[in-house]
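The values are calculated or read from the model by the stated rules, or taken from the named source; none is laboratory data. Just so you know, these numbers come straight off a predicted model, no measurement behind them. Using ideal geometry, Cβ is built from the backbone for each residue, glycine included, and neighbour counts are taken over all protein chains shown. Protein only, heavy atoms only, side chains kept; ligands, DNA and RNA dropped before computing areas. Shrake-Rupley method; radii C 1.70, N 1.55, O 1.52, S 1.80 Å.
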Amino acid sequence: MASFYAMIVPEFLAELGLSGRDPFDLEGRLSDGEGALIAARTGLSVAALQAMTFQEVTPDARMMIARQNRHRCPHCQADVHGKSLALPWVFHCPVHGADLQDATGATLPEMLGDARMAALATHAKAGSAILDAWARGAGQGALDAPEMLAVLTARHRRASPPSLSEQPRMSLQTRRDYHAFLTMPIIRQALTVIVPEYDQVAPVLAKPVRPGLYGLAQGSLLQGFALTVGIGRIVEEPVALAIAVLLASDTDGQGRVQDALRSWPLSLRRRIAARLWRAQRDERDRQIAEKPTRRRQSHEYRRVQSHEYRSRIS
């Protein structure tokens, strides 16, 4: 609104009689008196001004509101800050329908590829709806967003250097030059198990996300999309995905994942425990079956001894 009146924000606030107020606090919620002051100077109704704020967002979710547009629409003006674009689970411009761009100008279809993007679209839509409803205080059944994010960002394995599949092709000299990078331990999180598509395309050093809600609040466009997809998948198959993470975890990682699962409902945890035991048994049986059977030494008398060879055979 300040740019519409060709003023800077402090000048505009002083003109409204709100000198010294933080604009972000006003965007969060307007009191009746503040709404009346702005309405008297701008000609807008108090209801229209309140609709511009984030008053419907709960205090727990308010930390995820960006002070500016989180990502950029290529068709929107740079100085126009859309309300929905300040939220981390919005990936398309609501006005133009265009894919949002990150700081480098890349879009999600460019980073993931059209095939992966199409496969993830349904889960991303479901995850966005869940996050949006949770941010407005609406219940979402057995699981809420923070409980699912705790599992997604849990460290399920110990930190390890980039594997061969994660490393770009390098010459021997290049490997020597980048020895520090190739031996740097990378945090391993359950997100890469639940959303393997993210594990396949994310830069190895940028794979770890911040724990819990901070992963959405401070993550990149790709990280926010992966977390949103992960929430959509967990809601669909919470037990199966929790077991998949536990089976892929090491000993310490299993403890951390189990700690994150403690906030889940008891009924879900009981189902996970019952099916996990069977899954671990089946996995042990599979590994035993895949091992080559050792040949047993035969003690029967052989008619042809090993030192008796046919002619011309050494």
How far is the Cα center of segment 1-54 from the Cα center of segment 200-252, in Å?
38
Cβ under 12 Å from residue 137's Cβ, residue 137 left aside: what net charge do those residues give with Lys, Arg +1 and Asp, Glu -1?
-2
Length gained, residue 214-residue 52, 0.36 nm per residue minus C-alpha separation, equals 55.9 nm
Which one of 135, 76, 48 is farthest out on the positive end of the charge dipole of the chain, using unit charges on Cβ (Lys, Arg +1; Asp, Glu -1) and the Cα centre as origin?
135
Residue-normalised accessible area of the chain, given per residue in Å² at a 1.4 Å probe:
61
Scalar couplings 3J(HN,Hα) for segment 33-46 by Karplus 6.51 cos²θ - 1.76 cosθ + 1.60 (θ = phi - 60°), nearest whole Hz, x for Gly and Pro, are x, 5, x, 5, 4, 5, 5, 5, 8, 9, x, 7, 6, 4
Starting from the Cα gyration tensor of segment 31-148, take the square roots of the eigenvalues, sort them a ≥ b ≥ c, and report rounded, prolate or oblate (rounded when a/c is under 1.5, otherwise prolate if a/b is larger than b/c, else oblate).
oblate
Within straight cross-link reach of residue 83, meaning Cα distance under 24 Å, which lysines are found once same-chain residues fewer than 8 apart are removed?
125
Nearest 10 degrees, 0 to 90: what angle lies between the long axis of helix 251-261 and the longest principal axis of the chain (Cα atoms)?
40
178, 198, 5, ranked by accessible area, largest first (probe 1.4 Å):
178, 5, 198
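Which order do the peptides 63-74, 260-271 come out in when sorted by mean C-beta neighbours inside 10 angstrom, highest first? Write out the running numbers ahead of the final one.
Values: 63-74: 17.1, 260-271: 14.8.
Those peptides, ordered most packed to least, come out 63-74, 260-271.
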Burial ranking of peptide ranges 143-156, 25-38 (average Cβ count within 10 Å, highest at the top):
143-156, 25-38
Residue-count net charge about residue 9 - beta-carbon cut-off 13 Å; Lys, Arg +1, Asp, Glu -1
-4
In a shell of Cβ-Cβ distance under 11 Å around residue 104, excluding residue 104 itself, what net charge do Lys and Arg (+1) and Asp and Glu (-1) give?
-1
Accessible area of segment 172-240 with a 1.4 Å probe: how many percent of it is carbon plus sulfur?
56
Go through segment 264-278 residue by residue and turn each phi into a ³J(HN,Hα) via Karplus (6.51, -1.76, 1.60, θ = phi - 60°); whole Hz please, and just put x for glycine and proline.
6, x, 4, 4, 5, 5, 5, 5, 5, 5, 5, 6, 5, 4, 5
Test item: Cα-centred dipole of segment 143-188, Lys/Arg +1 and Asp/Glu -1 on Cβ, debye
320
